[in-house]
Amino acid sequence: QPFNTLEDYANWEKRVDGYLKWLASAEQNMRQGMKEGYVLPKSLIVKVIPQLKEMMQPNLKAHLFYGPIKSLPSNFSAADKKKVASDFSKMITTKVIPAYTKLHNFMANEYLEAGRDTSGIEGIPNGKEYYQHQIKLYTTTTMTAEEIHQLGLSEVARISSEMLQIKEDVGFKGDLKAFFNHVRTSKDLMPYKDPKEVIAHFNAIYDTMQPQLEKLFDKKPKTAFEVRQTEAFRENSASAEYNPGSLDGTRPGIFYTPIPDASTYNVYSDESLFLHEAIPGHHYQISLTQESTELPAFRKTLWYSGYGEGWALYSESLGKELGLYTDPYQYFGMLGAEMHRAVRLVVDTGMHAKGWSREEAIQYSLDNEAESEAGITSEIERYMANPGQALSYKIGQLKIKELRAKAEKELGDRFDIREYHNQVLETGCVPIALLEGKINRWIEAEMTAIQ
């Protein structure tokens with residue numbers, strides 16, 4: 001939404017009018033949900049209420065919707081500036097604040113009272129069937145909740161044993177939970193003072209792996225790539241993320257990393273983070289899809305979480321092949337990231353299909369991974385609000401690893417890792433079943449060529 005002309009400012013006011021109609025419809029739909037039993041857990045409702053209250057901010061100049069007035073274009077006349085500021089002030093006081101006040105009062109009273117005490121989606125009508133739908137939507141498989149839960153338990157056990165080995169290798173005395181805490185708080189893993197040093201650290205990771213990329217990939221995206229610090233206005237609440245380049249290639253793919261305080265920035269998982277969010281994770285997969293001359297336009301922006309997040313998590317496992325993970329703490333960081341996705345299989349299905357409470361899910365996570373309690377609580381509440389999404393990462397990763405192992409075994413010396421990666425990436429984001437069928441046909445074709 002640009003704010004360069006008077007028309008831009010007028011357009012924004014129209015968009016706000018439309019948005020406030022949507023806000024009112026949200027209350028109408030929630031009231032319908034109250035009648036039929038489709039309501040949020042109380043523990044999520046209480047997190048929304050302060051966010052709505054913030055939008056009732058009476059100090060106009062501190063109100064979020066007043067932001068565009070703080071940076072009025074210099075070419076506006078004094079009269080135009082005064083009129084636009086007056087229009088926005090009126091809009092906020094007569095429309096925005098009353099709309100948020102109404103929604104806040106509804107959610108803080110009637111809706112909170114009607115909220116459910118259960119944590120999982122099974123607590124709503126047809127919840128079991130809805131969760132199975134969500135599993136299929138996000139994993140693009142026909143797996144059941146019980147199958148995924150058992151898979152999660154076995155993955156947590158496998159990764160825990162690897163973590164214990166790293167703990168032994170570095171000579172740490174104490175149990176695994178104590179080692180988690182050591183890794184989280186070690187000053188040796190917080191070596192920087194300036195955000196520029198963190199950015200340079202990520203660029204150094206890229207420099208280390210570049211010579212090895214040729215061995216695993218013969219197709220690389222043309223879209224430029226950059227590492228940037230997350231903007232200050234959203235840095236405190238943001239996580240590291242990848243922002244795709246534009247379809248026409250004029251905007252680079254950007255790996256954003258938040259660095260609110262460089263002196264407390266912990267580097268222990270940075271290599272796996274770069275592999276996931278940047279190269280060869282999201283940047284390679286998304287850019288190669290967007291640059292394809294074979295795919296129709298709608299396929300270039302299609303997103304299936306099982307494939308897209310599965311590829312990014314699979315990319316983390318390529319670290320040793322790319323010359324990384326020589327530091328045991330960085331390898332532990334990779335295991336920690338993988339454990340986080342394995343725990344998701346257990347707690348998401350636990351809450352939505354096995355009657356687990358929010359508190360049980362939080363405790364299971366605390367017992368098995370190095371995340372902070374505040375971070376884990378936010379994660380569990382995310383899973384409560386969006387059932388099934390958290391399953392996609394591990395399900396997709398395991399399938400891509402499984403298909404690679406099958407190809408390596410059946411093709412033997414004929415197996416070419418670069419061609420395997422081409423086969424996985426060239427069709428863009430697809431459901432897991434379609435990817436599996438494609439790779440199986442490729443293996444058969446290669447076997448026929450051998451004979």
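The values are calculated or read from the model by the stated rules, or taken from the named source; none is laboratory data. These figures come from a predicted structure and were not determined experimentally. Ideal geometry is used to build each Cβ from the backbone, glycine not excepted, and the neighbour counts take in all protein chains shown. Just so you know, the surface numbers come from the protein's heavy atoms only, side chains and all, with ligands and any DNA or RNA stripped out. Shrake-Rupley method; radii C 1.70, N 1.55, O 1.52, S 1.80 Å.
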Look through Ile97, Ile148 and report the one residue that is of a type in the set (A, V, I, L, M, F, W, C), part of a helix (DSSP H, G or I), at pLDDT 95 or above and under 25 Å from the mean Cα position of the chain (by Cα).
Ile148
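What tally of residues in region 133-144 results from selecting those that are in a helix (DSSP H, G or I) and crowded, with 18+ Cβ neighbours inside 10 Å? Steps first, answer last, please.
Within region 133-144, the subset in a helix (DSSP H, G or I) is 133-139.
Keeping just the survivors that are crowded, with 18+ Cβ neighbours inside 10 Å gives 134-135, 138-139.
Going through region 133-144 one residue at a time, the tally reaches 4.
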Report yes if some residue within region 161-177 is more than 30 Å from Ser263 (Cβ to Cβ), in contact (Cβ under 8 Å) with a residue 60 or more places away in the chain, open to solvent by 30 Å² or more (accessible area, probe 1.4 Å) and over 22 Å from the mean Cα position of the chain (by Cα); otherwise report no.
yes
May I ask you to list pairs of residues, at least six apart or on different chains, whose Cβ atoms are under 6 Å apart, with the first in region 238-256 being in a strand (DSSP E or B) and the second being basic (Lys, Arg)?
Ile254/Arg228; Tyr256/Arg228
So the check is Cβ under 8 Å with 6+ separation or different chains; which pairs have a first residue in region 112-128 that's open to solvent by less than 20 Å² (accessible area, probe 1.4 Å) and a second one that's part of a loop (DSSP other than H, G, I, E, B) and of a type in the set (A, V, I, L, M, F, W, C)?
Gly115/Val39; Gly115/Leu40; Ser119/Trp356; Gly120/Trp356
Filter result (over 24 Å from the mean Cα position of the chain (by Cα) and closer than 19 Å to Tyr420 by Cβ) within region 285-303
Ser292, Glu294
Filter result (of a type in the set (Gly, Ala, Ser), open to solvent by less than 10 Å² (accessible area, probe 1.4 Å) and within 16 Å of Ala278 (Cβ to Cβ)) within region 297-326:
Gly308, Ala312, Ser315, Gly319
Arg418 vs. criteria basic (Lys, Arg), within 30 Å of Thr118 (Cβ to Cβ) and either touching a residue at least 40 places away in the same chain (Cβ under 8 Å) or open to solvent by 40 Å² or more (accessible area, probe 1.4 Å) (or both)
no
One residue is enough: does region 262-271 have a residue meeting the conditions without any contact (Cβ under 8 Å) to a residue 40 or more places away in the chain, under 21 Å from Glu226 (Cα atoms) and surrounded by 24 or more Cβ atoms within 10 Å (Cβ to Cβ)?
no
Matching residues in region 20-71 - criterion: being of a type in the set (Gly, Ala, Ser), closer than 24 Å to Ser119 by Cα and exposed (fewer than 14 other Cβ atoms within 10 Å of the Cβ):
Ala26, Gly37
The one condition Ala385 fails out of (1) within 15 Å of the chain's Cα centre (by Cα); (2) surrounded by 23 or more Cβ atoms within 10 Å (Cβ to Cβ) is (2)
Taking Leu335, is it out of contact with any strand residue (DSSP E or B) (no Cβ under 7 Å at 6 or more places or on another chain), modelled with pLDDT of 95 or more and not in a loop (DSSP other than H, G, I, E, B)?
yes
